[in-house]
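The values are calculated or read from the model by the stated rules, or taken from the named source; none is laboratory data. Just so we're clear, the structure is a prediction, and the values are computed from it rather than from any experiment. Here the Cβ positions follow ideal geometry from the backbone for every residue, glycine too, while neighbour counts run over all protein chains shown. Remember, those area values only see protein heavy atoms, side chains included, never the ligands or the DNA or RNA. Shrake-Rupley method; radii C 1.70, N 1.55, O 1.52, S 1.80 Å.
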Amino acid sequence: MRRTRRQHAIVYAGLTLGLALVIGPFVWTALSSFKPEREIRRDPPTFWPETWTLDNFAELFDRVDLGTAFANSVIIALVLVATNLLFCSMVGYAFAKLDFRGKNVAFALVLVQLAIPAIVVMMPQFVLIAKLGMVNTFIGIILPTVVTPLGVFMMRQFIADLPDELIHAARVDGAGEFRIFFTIILPLCGPPLATLALITFLGSWNNFLWPAVVAQSEQMYTLPVALNILNGNEGTHYNLLVAGSVVVIAPILFLFVFLQRYFIQGIATTGLK
Amino acid sequence: MSLAVPAHRARAAVRFAVRRSWIGWMFILPFVVLFAVFYLGPLLVGIGMSFTDMRSTDVADPLAVDVVGVDNYLRLMNDGAMRRAAVNTVVFVVTALPLTIGLGLAAAVLLNSGIARLPAAFFRLGYYLPNITSIIGIAVAWKFLLEPEAGLVNRLLELVGIQGPNWLQSESTALPSIIVMTAWRSFGFNMVVLLAALQTIPKELYEAAEVDGAGRWARFRSVTVPALRPVLLFCTVYSSVGFMQFLEEPLVMTRGGPLNSTLSASLAIFNQFGVGNYGYAGAASTVLFTVIVALAVLQLRLGRRR
């Protein structure tokens, strides 16, 4: 297809306008977080901060224990990344390469879990967590998502494409199934594991509702939960809110900009298959 | 297997199959246990609770719970807030769905229209950003944008002489604001999936259509759209299942107000859960679950038939 210069210019103009509308709110929020409260409320508004200040962040960390919330978010996300990498690949391997009775039924359960809305099971899950004495604990926040159906699905798709001969050869040599999995299959799963790690980290970092229900004291809050409490208590102190928003969004932004290749590949393939 | 297999070899084969089954189940055990305990169990318990008058205070003493039949379901139908929530959810889905898929398709087509790789990757990255950021971070940013006096949106409107409304505090603009925010946030997902599909359409199809005299619009309609059909179906089902459950956006931005104008079905259930009406919330959950499953099945049926 031949394209004239003018058509190209129109496409670029459209894409640029779209980009301005999409990242505008982020840019505006980020710039505002470095303005003094007076300047945030000034009319007409300033785009670029006249006076740069870190006061908003200082006051924010003074009011809310964001350091703890940040650490909690990181710990929970890392634990979930570890459990999901291990379990999703194990389960995915079994569905892709092992023959066993009831396999199809079990795999259907993966799809069923994907279809169960969070709100529908949340209440009984909470009652269960309460019965187990896990309210306001890390384990209570972590447990329901230690292995996720999307991860199982992704790993199964990838492992299914690995050649069967690898496994047959190892079986002939007398290797057990767990040894085959850990020494032959897992080392080949680098790319999908990277994608899964990123998706899991993001999902955990951004997860709000379940941690908000389970975490009931400030020492257990994750970042989104802490920011939401701030949102409820300081609803009109926009200098604090925008600073909080920056603290929640910035780490993910860095992660995403550097690792986006894995992420977009993962989304595109799960969507297509 | 032939009938002439010696007995001992047949027995060995059975033993092998049993051993293999056992190992397969060992591998999937983490998923199966978690599914049973945290998903299937709660789903069934939720449905069971919906036929009782269970409240949060009954958790310690399940014997105090009475079976009340379909009372909770009857109460649902006459509950003004629940009905409002149902209407809001339908409005939200039927407006946000075409918006998000339309924007995603437009972005994907523009990115696939022969622009250079590097700028294309840059735009794709930017468009996808809202999708991966925390809803709380985004909701706070949008509350700030839509703030009636200090907010950027109303100040820009002021420049062209329009007095903007108090977006999130007015009954007529609160839900539309959340719908626009949701479309803004989620179209990037559809863009990525649709773009990947667009890139698999052979160039020859377009060239052949061009030779046949098809204009740009005709090529889009007769080559692009049919080729994207399965992926568009996936996007529609995926997005509508997600949108049917919208909860966090109104929870953080408006708490369902003003006057229930942004109360969603999921948020209404969440609120009932919060005040301890477990049986009643279970009934509403069961209805929502049924509607979501029915909607997905219906979409898949209709999408495959044509």
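Going by the structure shown, is A:Asn239 surrounded by 22 or more Cβ atoms within 10 Å (Cβ to Cβ), part of a helix (DSSP H, G or I), free of Cβ contacts under 8 Å to residues at least 24 places away in the same chain and not hydrophobic (A, V, I, L, M, F, W, C)?
Criteria not met by A:Asn239.
Whether any residue in segment B:195-204 is among the acidic types (Asp, Glu), outside any helix (DSSP H, G or I) and open to solvent by 20 Å² or more (accessible area, probe 1.4 Å) is what I want to check.
Our first condition is that a residue be among the acidic types (Asp, Glu); within segment B:195-204, this holds for B:204.
This time we only want the ones that are outside any helix (DSSP H, G or I), so: none.
Checking segment B:195-204: not a single residue is among the acidic types (Asp, Glu), outside any helix (DSSP H, G or I) and open to solvent by 20 Å² or more (accessible area, probe 1.4 Å).
Answer yes if at least one residue in segment B:48-57 is within 30 Å of B:Trp184 (Cα to Cα), at pLDDT below 85, open to solvent by 30 Å² or more (accessible area, probe 1.4 Å) and at the interface with another protein chain (Cβ under 9 Å from one of its Cβ atoms), and no otherwise.
Step one: list which residues in segment B:48-57 are within 30 Å of B:Trp184 (Cα to Cα), which gives none.
No, segment B:48-57 has no match at all.
Residues that are farther than 30 Å from A:Leu227 by Cβ and more than 13 Å from chain B (Cβ to nearest Cβ): does segment A:119-137 have at least one?
No, the conditions are met nowhere in segment A:119-137.
Being part of a helix (DSSP H, G or I), open to solvent by less than 50 Å² (accessible area, probe 1.4 Å) and out of contact with any Phe, Trp or Tyr (no Cβ under 8 Å at 6 or more places or on another chain) is the filter here; which residues of segment B:65-85 pass it?
At the first step, the residues of segment B:65-85 found to be part of a helix (DSSP H, G or I) are B:71-77, B:80-85.
Subsequent filtering for residues that are open to solvent by less than 50 Å² (accessible area, probe 1.4 Å) retains B:72-73, B:76, B:81-82, B:85.
Listed by number, the residues that qualify are B:Tyr73, B:Ala81, B:Met82, B:Ala85.
Take the residues in segment B:254-274 that are at pLDDT below 90 and in a helix (DSSP H, G or I); name whichever of them is farthest from the other protein chains (Cβ to nearest Cβ).
If we take residues in segment B:254-274 being at pLDDT below 90 and in a helix (DSSP H, G or I), then B:Gly274 is farthest from the other protein chains (Cβ to nearest Cβ).
Consider segment A:120-144. How many of its residues are in contact (Cβ under 8 Å) with a residue 24 or more places away in the chain and within 18 Å of B:Met244 (Cβ to Cβ)?
So the count comes out to 1.
Would you check which residues across segment A:35-53 are open to solvent by 60 Å² or more (accessible area, probe 1.4 Å) and either more than 8 Å from chain B (Cβ to nearest Cβ) or in contact with a helix residue (DSSP H, G or I) (Cβ under 6 Å, 6 or more places away or on another chain) (or both) and list them? Walk me through how you get there before you give the answer.
Restricting attention to segment A:35-53, the residues satisfying the condition of being open to solvent by 60 Å² or more (accessible area, probe 1.4 Å) are A:37-38, A:41-44, A:47-48, A:50-52.
Scanning segment A:35-53 gives A:Glu37, A:Arg38, A:Arg42, A:Phe47, A:Trp48, A:Glu50, A:Thr51, A:Trp52.
Select the helices (runs of 4 or more DSSP H) contained entirely in segment A:65-177, then report the ones holding at least 3 residues which are open to solvent by 20 Å² or more (accessible area, probe 1.4 Å) and out of contact with any Ser or Thr (no Cβ under 8 Å at 6 or more places or on another chain). Spell out the reasoning first.
Values: elements: A:66-97, A:103-115, A:118-131, A:138-142, A:149-160, A:164-172.
Those helices (runs of 4 or more DSSP H) span A:66-97, A:103-115, A:118-131, A:149-160, A:164-172.
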